[in-house]
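Below is one structure, written out as C-alpha cells, with a few remarks after it.
The values are calculated or read from the model by the stated rules, or taken from the named source; none is laboratory data. This is a predicted model, so every value here is computed, not measured. All Cβ positions, even for glycine, are placed from backbone atoms using ideal geometry, and neighbour counts span all protein chains on display.
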Amino acid sequence: MKRLIIIALATVVALSLVLMPAVGVSASPPTTEVEGTFKLIKFEPTKPPIFTANGNVIITAHLITEWTGDFVGTDEGVGVFVMRPNGDYTLNTITTFTGRCLDGPEGTMNIYTTSRGNDYTMQFQGRMTLVGRTGGLAGLHGKLTFTNDPLGEGNNPYSGKIHFDP
C-alpha cells in the first residue's frame, strides 16, 4: 500500500510538472550584428554658444549626423562638448534618428551617445545606446561602439548588436 501511494504521488507530481504552463520563462530576442558609418554634417553652437569653467571650454550645440550602412538616415539633436586644456574632450548627445534599419520600413529612434577623444591626436571613440520609438524602428534596442574615421574623411565606423522586442 505504501508503495502504491508513493507511485501515485510521483505520477501526480510528474504530470503537474508536464502540464503546468511555463511561468516566467521567456526567450531572449534574437540579436543582429550591424555596421556602417556616420558623418557629422552640422555642429552649431547654441546660445550662449561658448563658456569656460576651470580652464575647460564648454559648448552646447545643435548637431545633425548622416548614417550609411545597416542604418540609413539622419539624426538630429543636442550635445554638450567639454574641451580640457590638455586637448582631451567629451561629447554627450541626445538625438532622434529618422530612417531605416536593415532595409526595413522607416521609423524613429532615440540615440544616447557618450564619446571621448583628444583634439591634438584627432582620435576619438564612443558608445551609443539605441531605443526605437516609431514605425519600422519601434521595439528596437541596441548598443553600438564607434571610432574616428581612419582615413580622416569624417566617415566614422560604427558596429554593434541590436534586437527588436516582440
Give me the pairs: first residue in the range 86-107 and farther than 21 Å from Gly69 by Cα and assigned to a strand (DSSP E or B), second residue among the basic types (Lys, Arg) and at pLDDT 95 or above, beta-carbon distance under 6 Å, and six or more apart or on different chains, which are they?
Thr90/Arg116
Subset tally (residues that are within 27 Å of the chain's Cα centre (by Cα) and not acidic (Asp, Glu)) for the range 29-56
15
Consider Arg116 against the criteria (1) assigned to a strand (DSSP E or B); (2) closer than 19 Å to Arg100 by Cα: it satisfies all of them except one. Which criterion is unmet?
(2)
Restricting attention to the range 153-166, the residues that are assigned to a strand (DSSP E or B) and under 14 Å from Ile41 (Cα atoms) number exactly 1
Is the range 51-67 home to any residue that is loosely packed, with under 12 Cβ neighbours inside 10 Å, part of a loop (DSSP other than H, G, I, E, B) and touching a residue at least 12 places away in the same chain (Cβ under 8 Å)?
yes
Select from the range 39-50 the residues that are among the hydrophobic types (A, V, I, L, M, F, W, C) and without any contact (Cβ under 8 Å) to a residue 60 or more places away in the chain and write down the one among them that is nearest to Gly87 (Cα to Cα).
Ile50
Of those in the range 135-152 that are hydrophobic (A, V, I, L, M, F, W, C) and either assigned to a loop (DSSP other than H, G, I, E, B) or farther than 18 Å from Gly73 by Cα (or both), the residue modelled with the lowest pLDDT is Leu151
Hey, among the residues in the range 121-134 that are assigned to a strand (DSSP E or B) and more than 8 Å from the chain's Cα centre (by Cα), which one's farthest from Thr95 (Cα to Cα)?
Gln123
